[in-house]
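What follows is calculated from the coordinates using simple rules that are stated; it is not laboratory data. Here the structure is a predicted model, which is why all the values come from computation and not from measurement. As a convention, Cβ positions derive from the backbone with ideal geometry for all residues, glycine included, and neighbour counts pool all protein chains shown.
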Amino acid sequence: MMENLRKALLLGTGFSLMSCVAYAAEDEDGSLDLIELDENLDDAEKPEELQPGVYEGEVQDVQKQTSSKGNQYFAVKFVIPPEQIPADLREGFPDGAVLYWNRQVVPKKGDRRATWNLKRFIEALGLPTNTNAIDPNDWMGQRARIRVRMGKWEGQERAEIQSVEAAESEARPAGRTAARSQRVVEEAPAPKAKARARR
């Protein structure tokens, strides 16, 4: 059970600690204690998801994991601070929104694509790339822009990281991104009239 909970957290599956505070502990012999909830589990509702947009997140944990196909990757935990979350959702994220970037493959010897992707990730974190040795511990506390989109996991919509980019310009929460896209659409020139066919 604890292993399943750990996997769910690494995959970024959402559940609200505010609505369902629980306590579970392992005894020395590995058995589990009773879980005490502060509400009836039947009353638990899916929390609202973070809106799509561009935010600035901070790396707060890095774990090396192995995929079902045997490939190693870094599970990077990003936290978006509460002040960047739209006001109408902020109550559901008192400690910020937690999202995981699970696409950073550990390069194998000769894997140029994974090495290139790692370089781009290191650049996005603002760390030097002129090196032959990477220490993932150096990623802790670094900030980057993270582009958030809606995805699906086990048939349910959830917010997920689409890309990690350099934090060189101000992050834009979802509302501002949508407004900017609307301006671009409105400023587009009107289509030209069709040319008349020659007789």
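Quick notes on this one:
- Hydrodynamic estimate: the Kirkwood radius of the range 48-185 over Cα pairs, inserted into Stokes-Einstein at 25 °C and 0.890 mPa s, corresponds to D of 153 µm²/s.
- Sites residue 66 and residue 109 - FRET efficiency at Förster radius 22 Å, r taken between beta-carbons, to 0.05: 0.80
- Mean separation of Cα contacts under 8 Å (6+ apart) over length of the range 54-131, as relative contact order %: 23 percent
- At the listed q of 0.21, 0.25 Å⁻¹, the Debye profile of the range 64-107, built from one uniform point per Cα, gives log10 I(q)/I(0) equal to -0.66, -0.77.
- For the listed residue pairs 46/108; 77/152; 77/108, the alpha carbons are over 30 angstrom apart in 46/108.
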